[in-house]
Amino acid sequence: MRTVELLCSPELEAAVRAAWDRLAAAGLPSLARNTHPTNRPHLTLASVEEFPPGAEQRLADLCDAALPLPVRLERVAVLDGTAPLVWLVHPTPQLVALHGAVWDVLAEASGARSWHLPGRWIPHLSLALRFAGADRRRARAVAGAGRPAGEFVAARSYDAGTRTISELTAACPRSGG
């Protein structure tokens, strides 16, 4: 599996990591417990079995042109299915347009994960996975302090087969506000 992910600005990443830490300290499921070096807050735009030929460069060009993108987090929620605890991301027109453009590049990709497709995608930053049996109300209170804002400043791809990442863009300089 290959993904296309957007990475958070330092201040937004710090806010999400602080929520991970608060959840873990409260004895709740949390991504703070995932110690793999690739684990960091991110927004997944797409997930496919493999990229079609030439797609990685087209995705890099697309993300270079679109980033940085302002982002504002909304409420903490539990999604259906595998029941992850997430911080919902406000779907700005620019973010929705980038998401659609990524899928245009990946139109010929095999094994598209349906929950990331346009029309089904719920933009979010994960706080904990497999949260189905945990205390949702308590988790929302512990994790959801405020509605942080920042930017998406870089893009990467995760390869689940090798558990490695490849940078699709370099981190963008701060846009000033």
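For the range 144-177, taking the residues that are open to solvent by 50 Å² or more (accessible area, probe 1.4 Å), in a strand (DSSP E or B) and of a type outside the set (A, V, I, L, M), the one that is modelled with the highest pLDDT is identified as Glu167. Just one of (1) modelled with pLDDT under 90; (2) aliphatic (A, V, I, L, M); (3) open to solvent by 50 Å² or more (accessible area, probe 1.4 Å); (4) part of a loop (DSSP other than H, G, I, E, B) fails for Ala141. It is (4). Of all residues in the range 1-22, those satisfying the criterion of being of a type in the set (A, V, I, L, M) and in contact with a Lys or Arg (Cβ under 9 Å, 6 or more places away or on another chain) are Met1, Val4, Leu6, Leu7, Val16.
Might you check whether a residue that is in a helix (DSSP H, G or I) and buried (at least 21 other Cβ atoms within 10 Å of the Cβ) occurs anywhere in the range 30-44? Within the range 30-44, one or more residues are in a helix (DSSP H, G or I) and buried (at least 21 other Cβ atoms within 10 Å of the Cβ). The single condition among (1) open to solvent by less than 20 Å² (accessible area, probe 1.4 Å); (2) modelled with pLDDT under 95; (3) in a strand (DSSP E or B) that Arg75 does not satisfy is (1).
Taking the range 18-27, which residues are hydrophobic (A, V, I, L, M, F, W, C) and open to solvent by 10 Å² or more (accessible area, probe 1.4 Å)?
Ala18, Ala24, Ala25, Ala26
Pro68 passes every criterion in (1) open to solvent by 30 Å² or more (accessible area, probe 1.4 Å); (2) farther than 19 Å from Pro123 by Cβ apart from (2).
Restricted to the range 87-122, and to residues there that are in a loop (DSSP other than H, G, I, E, B), touching a strand residue (DSSP E or B) at 6+ places or on another chain (Cβ under 9 Å) and more than 22 Å from Ala55 (Cα to Cα), the residue that is least open to solvent (accessible area, probe 1.4 Å) is Thr92. Tally time: how many residues in the range 45-58 are open to solvent by 70 Å² or more (accessible area, probe 1.4 Å), more than 18 Å from Thr169 (Cα to Cα) and either assigned to a helix (DSSP H, G or I) or in contact (Cβ under 8 Å) with a residue 40 or more places away in the chain (or both)? Counting residues in the range 45-58 that are open to solvent by 70 Å² or more (accessible area, probe 1.4 Å), more than 18 Å from Thr169 (Cα to Cα) and either assigned to a helix (DSSP H, G or I) or in contact (Cβ under 8 Å) with a residue 40 or more places away in the chain (or both) gives 2.
Once the range 1-17 is narrowed to residues that are in contact with a helix residue (DSSP H, G or I) (Cβ under 9 Å, 6 or more places away or on another chain) and farther than 11 Å from Pro41 by Cα, the residue that is surrounded by the most Cβ atoms within 10 Å (Cβ to Cβ) is Val4.
A single entry from Ala66, Ala24 fulfils the requirement of being among the small types (Gly, Ala, Ser) and either modelled with pLDDT under 95 or touching a Ser or Thr at 6+ places or on another chain (Cβ under 7 Å) (or both): Ala24.
The values are calculated or read from the model by the stated rules, or taken from the named source; none is laboratory data. Predicted, not measured: the structure shown is a model, and the values here were computed from it. Glycine also receives a Cβ, built like all others from the backbone with ideal geometry; neighbour counts cover every protein chain displayed. We work out accessible area using only protein heavy atoms, side chains counted, and drop any ligands, DNA or RNA first. Shrake-Rupley method; radii C 1.70, N 1.55, O 1.52, S 1.80 Å.
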